[in-house]
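Notes follow once the structure below has been shown.
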Amino acid sequence: MGTPDFAVPSLEKMREKYNVSAIVTQPDKPSGRGKKVTISPIKEVGLSNKIPIFQPEKIRKDSEITDKLKEIKPDFIIVVAYGQIITKQILDIPRFGCINLHASLLPRYRGSSPINWTLINGERKTGNTTILMDTGIDTGDLLMRSVVDISESMTAGELYTILKVNGAELLDETINGIIRGKITGVKQQGDGSSYVQMLNKQMAKINWNDSSINIHNLIRGLSSWPYKNINTWPTAYTYYKDIPIKIYKSKSLEVNVIKPPGCIIDANNEGITVATNVGILIIEILQFPGGKPLEVREFLKGNKIEKGSVLS
């Protein structure tokens, strides 16, 4: 059970090591300006490998899918970013249980978008966790985890790509451990648990009265850079002379400034230097409407950024 690109390495690993009897993914939906109907990355893998695919609108209310899963009699149901809440009736079907891969070190960052919020909050470590699912949201017994270090410049796109591959390996280790009787679930403790909210465009607007490090973390936490096929979250943005610009990569420097927050101090091949409430932010990659993301030095070859202008 999965939907986005994040779940593809896990499905491929399951295909490589085990017999995948069926795929459950979200229904096809229109997307983009032309509202062209697109299929999920998981469905693409299923179609190319002739695996039976089910796409219930609401799995909680679809008794037919429950009956079909009972007929399959799976040993495991593997859930990776599926996007729907699964009923106890389905959780009870597989012999060894429903195993969920979650991209955080549970019990921290339960819920959607844990990768983004980990970066927005400036964490230095994260990872993947496998759990034995229950009816709560990411509250099941802990099975295994893997830890990944986060650099100060790492974007959500880079972390996403690391964790989706890392997660496939962790799932394989988890399944092997359960089959061999070497892994048992450990109840999650309430201490340190947290839920993250869904991302939205309003939160992506940069507040220049914040500190440079917080703004930098917001930018990288919402940035898909350098991957063009990851566009499932909003990109941090600001306004230059009433023109909205997206920012994909930046650098924070903790230095004293006397310019007002948002004021452009300089614009050169190193980037666009902007004053914040605490420190300065250097914009390194940006996108103007109708254009593509560009490094600032490339953008400045045919465009000008006025010093003293204030971003809002």
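Values quoted throughout were computed directly from the atomic coordinates according to the rules given, and no laboratory measurement underlies them. Just so we're clear, the structure is a prediction, and the values are computed from it rather than from any experiment. For neighbour counting, all protein chains shown are included, and Cβ atoms are generated from backbone atoms with ideal geometry for every residue, glycine included.
Listed by chain and number, the aspartates and glutamates whose C-alpha is less than 13 Å from the C-alpha of Lys182, apart from same-chain residues fewer than 8 away, are Glu173.
Extent along the principal axes, Cα only, for the chain: 68, 46, 32 Å, with the longest axis given first. Estimated from helical segments only, the mean residue ellipticity of the chain at 222 nm is -7000 deg cm²/dmol, where each DSSP H run of four or more residues counts as -39500 (n - 2.57). Neighbours of Tyr109 by Cβ distance under 13 Å: Lys/Arg scored +1, Asp/Glu scored -1, total +2.
The orientation-averaged shadow of the Cα convex hull for the range 1-122, equal to a quarter of the hull surface, comes to 9.0 nm². Normalised by 2.2 N^0.38 Å, where N counts its residues, the alpha-carbon radius of gyration of the range 44-180 equals 1.12. Listed by chain and number, the lysines placed with their C-alpha closer than 27 angstrom to that of Lys301 are Lys205, Lys228, Lys241, Lys246, Lys249, Lys251, Lys259, Lys292; residues fewer than eight positions away on the same chain are left out.
Using just the Cα positions, wrap the range 202-299 in a convex hull and report its mean projected area in square nanometres, one decimal place. Over every viewing direction, the Cα hull of the range 202-299 projects on average to 6.0 nm².
For Asn229 and Ser21, calculate 0.36 nm times their separation in residues minus their Cα-Cα distance, and state this gained length in nm to one decimal. So the extension gain works out to 72.1 nm.
Each part reduced to its alpha carbon centroid, the range 179-212 and the range 227-246 end up 23 Å apart. Counting only residues at least eight positions apart within a chain, or on another chain, the aspartates and glutamates with an alpha carbon under 14 Å from that of Lys187 are Asp134, Asp138, Asp141.
In this label model, Asp92 and Val148 are separated by 3.6 nm, measuring between points 7 Å along each Cα→Cβ vector.
Given R0 = 25 Å, the distance between the Cβ atoms of Asn207 and Leu300 translates into a calculated FRET efficiency of 0.45.
Using the Cβ atoms and a cut-off under 14 Å, what net charge is assigned to the surroundings of Asp28, where Lys and Arg are +1 and Asp and Glu are -1? Residues close to Asp28 contribute a combined charge of +2. The slack in the chain from Asp266 to Glu44, taken as 0.36 nm per residue of separation less the alpha-carbon distance, amounts to 75.3 nm.
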